[in-house]
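The values are calculated or read from the model by the stated rules, or taken from the named source; none is laboratory data. Keep in mind it's a predicted model, so treat the numbers as computed, not measured. Glycine also receives a Cβ, built like all others from the backbone with ideal geometry; neighbour counts cover every protein chain displayed. Side chains are part of the model used for accessible areas, which takes the heavy atoms of the whole protein and leaves out ligands, DNA and RNA. Shrake-Rupley method; radii C 1.70, N 1.55, O 1.52, S 1.80 Å.
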Amino acid sequence: MIDIIIPMYNAQETIERTLESILRQKTKEIVNIYLIDDLSEDNYSDVLEMYKDVLNIHYYRLDKKSGPGIARNYGLDISTGKYIIFVDADDMLEDKAIETLYKAIEENHCDMVRSSIQEIGLNGNRIVKNWNISLHGKIYKRSFIDSNKIRFCSSFSNEDMAFNMMLRLSGAKMIDIEDITYRWFYNNNSIYRKNPDESRIRDFHDITINTEKTLRNAIEYKCDKSLIELISLEQIIQIYIRWIYMDKSKIDTHINQAIKEICNIYIRFKSNDIGSLIEKYNLVYNFDNYKKSELEKFIAREKYSN
């Protein structure tokens with residue numbers, strides 16, 4: 001069976017669209033859907049009644065608002081399918097998405113398949129291929145997640161980044177396919193869009209703290225050193241790109257210390273020239289003004305002694 005885990009918060013206006021996209025899948029008979037309600041103000045009884053006879057839906061409501069990561073963890077803990085797909089309650093699966101992902105992971109005997117997704121935003125659409133950070137357009141093997149004790153962080157943002165990072169650090173066998181399987185919609189009513197300045201600070205906080213925690217776990221679990229080197233550099237670049245444009249007065253001591261620790265971990269495991277890794281893995285995307293020397297200065301400045 002394939003489990004689709006969908007965290008929900010006030011998704012009454014969009015969840016029907018999401019479920020309709022699952023209903024159109026040819027493989028819906030082997031799918032269990034877990035709707036994890038993160039203490040919504042909305043009532044979903046009409047939606048559940050509408051789909052109870054055509055989809056295998058399981059509805060659970062959390063006792064307190066905990067964020068999407070905790071909701072997904074709850075779904076992981078109560079579901080039992082061989083494979084897992086995560087879908088957001090305001091997005092859609094493309095037709096044949098489940099069939100395509102299922103075929104790819106079965107035939108290639110891997111732990112994770114990454115497909116392309118279509119982003120639908122205010123300024124038009126774009127195709128994003130095989131993105132490491134998000135959960136969108138991916139299928140996961142449950143046994144790998146459970147055997148490596150991988151779960152989501154409790155933060156309200158970048159918890160998906162940390163989840164995928166830990167899979168990669170744990171040596172997950174991954175393949176990429178060109179197919180577009182997921183349709184992501186820009187949500188103008190999200191907390192992030194309503195409070196962009198506050199959310200930008202929270203995003204910087206969460207990516208930094210989640211990265212530090214994940215890298216510490218990787219060291220504790222004795223993950224491959226070359227993976228720690230590569231992925232810590234990837235994350236430093238993401239943090240650095242945000243740091244350039246941040247109001248430095250908004251970065252508290254706790255976050256600065258986490259940045260230093262991430263840089264220290266990278267230096268500890270460094271065995272390649274920064275430029276060679278960036279070129280080999282195309283690490284600097286969406287950043288036209290990147291300068292290798294400036295990044296090296298940032299890492300050296302943030303390094304501290306144990």
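Brief remarks follow.
- Positions within region 19-43 being in contact with a helix residue (DSSP H, G or I) (Cβ under 7 Å, 6 or more places away or on another chain), more than 17 Å from Thr100 (Cβ to Cβ) and either open to solvent by 10 Å² or more (accessible area, probe 1.4 Å) or not β-branched (Val, Ile, Thr) (or both), in sequence order: Leu19, Tyr34, Asp38
- Of all residues in region 14-47 being among the polar types (S, T, N, Q) and part of a helix (DSSP H, G or I), the one that is nearest to Ile70 (Cα to Cα): Thr18
- Cβ separations smaller than 8 Å between residues 6+ apart or across chains give the following pairs from region 202-225 residues that are within 16 Å of Ile251 (Cα to Cα) and assigned to a helix (DSSP H, G or I) to residues that are of a type in the set (Lys, Arg) and open to solvent by 10 Å² or more (accessible area, probe 1.4 Å): Asp203/Arg242; Phe204/Arg242; Ile207/Arg242.
- When residues of region 265-274 are limited to those that are in a helix (DSSP H, G or I) and open to solvent by 20 Å² or more (accessible area, probe 1.4 Å), the one nearest to Arg202 (Cα to Cα): Ile267
- Against the list (1) on the phi < 0 side of the Ramachandran plot; (2) surrounded by fewer than 16 Cβ atoms within 10 Å (Cβ to Cβ), the condition Asn282 fails is (1).
- Residue count for region 225-252, restricted to those that are closer than 16 Å to Arg168 by Cβ and open to solvent by less than 80 Å² (accessible area, probe 1.4 Å): 13
- Residue within region 271-293 that is in contact with an Asp or Glu (Cβ under 8 Å, 6 or more places away or on another chain) and modelled with pLDDT of 90 or more present: yes
- Selection over region 140-174 of residues that are over 12 Å from the mean Cα position of the chain (by Cα) and aliphatic (A, V, I, L, M) gives a count of 5.
- Looking at region 53-171, the strands (runs of 3 or more DSSP E) lying wholly inside it that each contain 1 or more residues that are at pLDDT 95 or above and open to solvent by 20 Å² or more (accessible area, probe 1.4 Å) sit at 57-61, 112-121, 138-141.
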